[in-house]
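Input: a single structure, listed below in structure tokens.
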Amino acid sequence: MLILGGSSEATALATALAARSDVRACLSLAGRTAAPASQPVPVRVGGFGGVAGLVDHLHANDVEILVDATHPFAAQMSRHAAVAAREADCRFIRVSRPAWRPQPGDRWTSVATMGEAAVALGATPRRVFLTVGRLQLDAFAVAPQHHYLVRTIDPLDADPGLPSLRVIRDRGPFTVEAEERLMRREGIDVLVTKNSGGAAAAAKLVAARRLGLPVVLVARPEPPGPELDVAGALALIADHRASARRGV
Ligand code: NAP
């Protein structure tokens, strides 16, 4: 089995599968994070070289089940995975978590792209907490009037061209209390984040709600097909193994 990872769901799945003697799983990472969290199954790192490269990899490693457990915003990898699984005649499972939904007291504006998020901040200078990763920060160069507090795991690769910028490097999960303290200390007026969903990154939204702060949320891309949670995927994998043992 090949698990396309880079999410907490991929790690949870790998942890559950590592305990099974009838499954040999390998986890694949894109290689974006310099020091990724350790994994309970063997790991391979780096792109496959598009759909054709992934199909070759699936054949070369006799992969029976391809699990796409990439982050909800890794849209290209998910598209490639769905096509490659069909071409290589692999069982395909997409694992993800539900998007966050607004709760009473939330002041959310949903936008489709990072560029729209920059525009949604408005003309008046604000103090913005940006938790959108480090690869799309240049989208905010069109709104240089704001002060940006950026939190990333790895250092920035390039100058995003934001005149007033402070970068803090930290890796979640974060508590609501710590997020609230940070936003108060930095005088944050608005939070910008992707609608990644999941418990590990939700504390900042609860903190923003408690502080009455507005949030600009970038909506997630449409998945290429149906999605399961980790428990659903494990049930399907167990079923597949049972069928294989029966020779069905
Ligand atoms: P992407 O735009 O969908 O993928 C770009 C290319 O990166 C893919 O075509 C593939 O290269 C390679 N790639 C992506 N995920 C891979 C994986 N798990 N194993 C091997 N190659 C992979 O992806 P992205 O948004 O840059 O995200 C990269 C990784 O970071 C993903 O694995 C994702 O789970 C993780 N991540 C993403 C976000 C986010 O907000 N986008 C947040 C947290 C974690 P080839 O075409 O050469 O095969």
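Between a first residue in the stretch 11-37 that is closer than 19 Å to His57 by Cβ and a second residue that is among the charged types (D, E, K, R) and at pLDDT below 90, which pairs have beta carbons less than 7 Å apart while being 6 or more apart in sequence or on different chains?
Close Cβ pairs (under 7 Å, with a partner that is among the charged types (D, E, K, R) and at pLDDT below 90) amount to Val23/Arg241.
Suppose the filter is surrounded by 12 or more Cβ atoms within 10 Å (Cβ to Cβ), within 28 Å of Ala120 (Cβ to Cβ) and hydrophobic (A, V, I, L, M, F, W, C); does Ala233 pass it? Step through it out loud before you land on a result.
On the way: surrounded by 12 or more Cβ atoms within 10 Å (Cβ to Cβ): yes; within 28 Å of Ala120 (Cβ to Cβ): no; hydrophobic (A, V, I, L, M, F, W, C): yes.
When the stated conditions are applied, Ala233 does not pass them.
Scan the stretch 135-154 for residues that are free of Cβ contacts under 8 Å to residues at least 24 places away in the same chain and either more than 29 Å from Ala35 (Cβ to Cβ) or away from the ligand (no atom under 16 Å from the Cβ) (or both) and report the count.
Total satisfying the criteria: 5.
Of the residues Arg97, Arg91, Arg79, which single one is of a type outside the set (A, V, I, L, M, F, W, C) and surrounded by 18 or more Cβ atoms within 10 Å (Cβ to Cβ)?
Values: Arg91 fails: surrounded by 18 or more Cβ atoms within 10 Å (Cβ to Cβ); Arg79 fails: surrounded by 18 or more Cβ atoms within 10 Å (Cβ to Cβ).
After applying the criteria, what remains is Arg97.
For the stretch 173-206, enumerate the residues that are free of Cβ contacts under 8 Å to residues at least 40 places away in the same chain and either surrounded by fewer than 18 Cβ atoms within 10 Å (Cβ to Cβ) or acidic (Asp, Glu) (or both).
Scanning the stretch 173-206 gives Pro173, Thr175, Val176, Glu177, Ala178, Glu179, Glu180, Arg181, Arg184, Arg185, Ala199, Val206.
Look at the stretch 112-134 and say how many of its residues are more than 22 Å from Pro224 (Cα to Cα), within 16 Å of the ligand (Cβ to nearest atom) and among the hydroxyl-bearing types (Ser, Thr, Tyr).
Number of matching residues: 1.
The values are calculated or read from the model by the stated rules, or taken from the named source; none is laboratory data. Since the structure is predicted, the reported quantities are computational estimates derived from the model, not experimental observations. Reconstructed Cβ throughout: ideal geometry from the backbone, glycine too, with neighbour counts over all protein chains shown.
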